Amino acid sequence: MSGLVKAYGAKRAVDGLSFAVPAGQVTALLGPNGAGKTTTVEICEGFRRPDGGQVRVLGRDPADAALRPRVGVMLQSGGCYPGARTIEMLDLLAAHAAHPLDPRELLERLGLTAVARTTYRRLSGGEKQRLSLGMAVIGRPELVFLDEPTAGLDVQGRRDTWQLIRDLRSSGVSVVLTTHAMDEAERLADHVVIINHGRLVAEGTPAELTAGEGPQLTFRAPAGLDLTDLLARLPGVTGGETAPGAYALGPVDPSLLAAVTGWCADHGVLADDLRVQSRSLEDVFVDLTGSGTS
């Protein structure tokens, strides 16, 4: 897409947004609530029309009916007949696809075999989420849009969904994933796009976005510690309290841990959960958007 614009009255939900989705890769679209993610994806899916700019999906206008068999869409809610059984929804969509996945094998992959004959209205939230994912991929799409695919899932359901997404990528499917889970984006995405207030603020691989700063020593201790005299003893070391009771210092060298633990002992401070860790995608996200992940 290039220069995408979508306005609702005087508010521009998407304001000149430009980025491309690499073929055969997982692209994570990240942004705080109200950043324009949903509007952007709905335009790409053909559910909304842009007010400006150009959008092409597999080389075509998103509203082109020829895209329907080539694109899979996972909605966050809805899209099913309330009285239809789980297997009936997959059978229905498979009947309209040229070369569908086997519905029963897909049920097994999604952990839904036990509820194959259960109506949609009686499924749990997590089961509805997994069925929605199955409906998006059963037609073997070339491109699939997944809106928060693991929201509401338990640990095993989350891992199964991650593996299915990896399998889609391995088979050459392009995946556009929206998520608030930074660990999910960091583990799955080949390409990350971060938007805020409808504008692009960063894009690249997770490694590219988190590069530039070395590992930091992090630890927990009582909030409000004054580290001025500690930092004065450590030329080149910077950092401080990043959140109440959470501290980060760097760059890390062999003397830093000894200096921190010694300083804490001298001041009667118990430091907990000391670890050396690299900058995370969540750190980058918060720096760029000024927002948490909720």
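Here, each number is a calculation from the coordinates, and none is a lab measurement. Please read these numbers as outputs of a predicted model, since none were measured by experiment. Note that each Cβ is placed from the backbone with ideal geometry, even for glycine, and that neighbours are counted across all protein chains shown.
Counting only Cβ charges, +1 for Lys and Arg and -1 for Asp and Glu, the dipole size of region 128-251 around its Cα centre is about 340 debye.
Apply the a/c threshold of 1.5 to the C-alpha gyration tensor of region 104-148 and tell me whether it is rounded, prolate or oblate.
Values: a/c = 2.46, a/b = 1.49, b/c = 1.65.
Here region 104-148 falls in the oblate category.
Quick one: helix 125-137 against the long Cα principal axis of the chain, what's the angle to the nearest 10°, folded into 0 to 90? Once rounded, one gets 60 degrees. Rounded to the nearest 20 debye, the dipole magnitude of region 216-278 is 120 debye, with +1 charges on Lys and Arg beta carbons, -1 on Asp and Glu beta carbons, and the Cα centre as origin. Axis angle, to the nearest 10 degrees, between helix 155-170 and the longest C-alpha principal axis of the chain: 70 degrees.
Where only DSSP H runs of four or more residues are counted, the chain gives -9000 deg cm²/dmol as its mean residue ellipticity at 222 nm, each run worth -39500 (n - 2.57).
Quote the charge dipole size of the chain about the Cα centre in Debye, to the nearest 20; the model charges only the Cβ of Lys and Arg (+1) and of Asp and Glu (-1).
On the way: 29 positive and 35 negative charges, 263 e Å.
Computed charge dipole of the chain: roughly 1260 debye.
For the chain, the longest principal axis of the C-alpha atoms and the axis of helix 254-266 are separated by about 70°. Pairs of Cα atoms nearer than 8 Å and 6+ residues apart set the relative contact order; for the chain it is 21 percent.
Bridgeable lysines around residue 37 (alpha carbons under 17 Å apart, same-chain partners fewer than 8 residues away excluded): 6, 11. Near residue 196: Cβ cut-off under 14 Å, other residues only, Lys/Arg at +1 and Asp/Glu at -1. The net charge is 0. Sorting 239-247, 130-138, 156-164, 183-191 by their mean Cβ neighbour count within 10 Å, with the most densely packed peptide first, gives 130-138, 183-191, 156-164, 239-247. Along the charge dipole of region 111-193, Cβ charges K/R +1 and D/E -1, which of 131, 149, 120 sits furthest on the positive end? My answer, from the dipole projection, is 120. Here the peptides 3-10, 281-288 are ranked by packing, the mean other Cβ count within 10 Å, and the order with the highest first is 281-288, 3-10. Each peptide in 69-75, 56-62 receives the mean, over its residues, of other Cβ atoms within 10 Å, and ordering these scores from highest gives 69-75, 56-62.
First check a/c for the chain, with a ≥ b ≥ c the square roots of the eigenvalues of its C-alpha gyration tensor; if it is under 1.5, answer rounded, and if not, answer prolate when a/b is larger than b/c or oblate otherwise.
Cα axes put the chain in the prolate bin.
From the Cα gyration tensor of region 216-278, with a ≥ b ≥ c the square roots of its eigenvalues, which class applies: rounded if a/c is under 1.5, or else prolate if a/b is larger than b/c, or else oblate? Since a/c stays below 1.5, the shape of region 216-278 is classed as rounded.
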